[in-house]
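Asks: Here's a structure for you.
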Amino acid sequence: MKPRSLFGLSFAVACATVFHHAASAAEPAVAGPPQPAKQLILPGEVFTVSGRTAFLFTPAAPGQSSGQQSAMKPWILYSPTLVSYPDKAEQWMHEQLTKAGVAVAGIDTGESYGSPEALKAAEALHAEMVRRGYSTKPALLGRSRGGLWAGAWAIAHPTLTAGVGGIYPVYDWRTYPGVAKAAPAYGLKPDELLARVGEFCPIERIDVAAKGGVPFCIIHGDDDKLVPLGPNSAELKKRYEAVGKGELVNLIIAKGQGHSFWEGFFRCQELVDFLIEKARGSPVTP
């Protein structure tokens, strides 16, 4: 009897196992929400805001500040946030910022070139950062085409902009990426975008930021063929000067440098100090 009982028990267990595997195969797996994918160059967090991937480099310690800012954490709104940006070339700079207690955050809007959709996404990230206890008035950093994002923000929200830093930044999409490439990001045809240049091109409206008292610190090479100094950073300074605000723009010209990975662009202490100082400034209520 015992051998037959053991056989019956083994058979029952085997049947149950087969049934379990068959049922599992028949039932579709329950997938959780897709996780945003991004490789960070520093400790931080990758999360989703309004369906878009965002990142945050968290500071080692709270930043020193004055006034109301003591209750709010300083941060930098970075652009362009793409799959590969910020990259290793910028690591030293972001390390200095986070060591000083200043967070860095950005949201990936693809190649949106500072369009209204990109601005809307930045506003959603700003709201999320404020919800987390960060300042209502961040400083901004725009690298290359990221200048279009930073410029658009400073024009739309001068009272929410502590300052803008730039590394060979674009402020005129007619120079880069060109009207043909920029137009789709704005949902327009090239001729339609050109007809609205005064509305959508940051350099054409930068006087709004100037009159709003938004300071800039920019480093740009004088041999930049991709993003020419003249119609971008130098033009921004000229337009600030035209409205009597030239002292708000510190334009650092890198002699003989182009649009490159020259270390001086990414280890510019003057730019880093500017960003830290401005990010720690007093916040305002949106």
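Asks: Please specify each residue of segment 191-249 satisfying the condition of being under 21 Å from A162 (Cβ atoms), surrounded by fewer than 16 Cβ atoms within 10 Å (Cβ to Cβ) and basic (K, R).
Replies: Across segment 191-249, the qualifying residue is only K211.
Asks: For segment 154-182, what are the residues that are in contact with a strand residue (DSSP E or B) (Cβ under 6 Å, 6 or more places away or on another chain), closer than 23 Å to V197 by Cα and hydrophobic (A, V, I, L, M, F, W, C)? Outline the logic, then answer.
Replies: Kept after step one, since they are in contact with a strand residue (DSSP E or B) (Cβ under 6 Å, 6 or more places away or on another chain), are these residues of segment 154-182: 154, 162-169.
Now narrow it down to the ones that are closer than 23 Å to V197 by Cα: 154, 164, 166, 168-169.
Once the filter is applied, which keeps residues that are in contact with a strand residue (DSSP E or B) (Cβ under 6 Å, 6 or more places away or on another chain), closer than 23 Å to V197 by Cα and hydrophobic (A, V, I, L, M, F, W, C), segment 154-182 yields A154, V164.
Asks: Is there a residue in segment 233-240 that is farther than 17 Å from R143 by Cα and not in a helix (DSSP H, G or I)?
Replies: Within segment 233-240, not a single residue is farther than 17 Å from R143 by Cα and not in a helix (DSSP H, G or I).
Asks: Is segment 275-282 home to any residue that is of a type in the set (D, E) and touching a helix residue (DSSP H, G or I) at 6+ places or on another chain (Cβ under 8 Å)? Walk me through it before giving the result.
Replies: Our first condition is that a residue be of a type in the set (D, E); within segment 275-282, this holds for 277.
Those still in the list that are touching a helix residue (DSSP H, G or I) at 6+ places or on another chain (Cβ under 8 Å) too: none.
The answer is no; no qualifying residue exists.
Asks: On to the next question. Any idea how many residues of segment 42-71 are modelled with pLDDT under 70 and surrounded by 17 or more Cβ atoms within 10 Å (Cβ to Cβ)?
Replies: Counting residues in segment 42-71 that are modelled with pLDDT under 70 and surrounded by 17 or more Cβ atoms within 10 Å (Cβ to Cβ) gives 3.
Asks: Restricting the first residue to segment 65-89 and requiring it to be on the phi > 0 side of the Ramachandran plot and of a type in the set (S, T, Y), which pairs with a second residue that is modelled with pLDDT of 95 or more and crowded, with 24+ Cβ neighbours inside 10 Å meet a Cβ separation below 8 Å and a spacing of at least six or different chains?
Replies: Once the first residue is on the phi > 0 side of the Ramachandran plot and of a type in the set (S, T, Y) and sits in segment 65-89, no partner that is modelled with pLDDT of 95 or more and crowded, with 24+ Cβ neighbours inside 10 Å comes close enough.
Asks: Give the number of residues within segment 72-86 that are modelled with pLDDT of 95 or more and either surrounded by fewer than 17 Cβ atoms within 10 Å (Cβ to Cβ) or of a type in the set (A, V, I, L, M, F, W, C) (or both).
Replies: Matching residues across segment 72-86 total 3.
Asks: Then there is this: Name every residue in segment 119-176 that is of a type in the set (K, R) and farther than 15 Å from I218 by Cβ, in order of residue number. Quick ask: steps written out before the conclusion?
Replies: Within segment 119-176, the subset of a type in the set (K, R) is 120, 131-132, 137, 143, 145, 174.
Result: K120, R131, R132, K137, R174.
Asks: What pairs come out if I take residues in segment 32-44 that are farther than 12 Å from H94 by Cα and part of a loop (DSSP other than H, G, I, E, B) and pair them with residues that are modelled with pLDDT of 90 or more and of a type outside the set (S, T, Y) whose C-beta lies under 6 Å away, six or more apart or interchain?
Replies: Partner pairs satisfying both residue conditions: P36/V46; K38/V46; K38/F55.
The values are calculated or read from the model by the stated rules, or taken from the named source; none is laboratory data. Nothing here was measured: the structure is a model prediction, and the numbers come from that model. Here the Cβ is made from the backbone with ideal geometry for all residues, glycine too, and neighbour counts use every protein chain on show.
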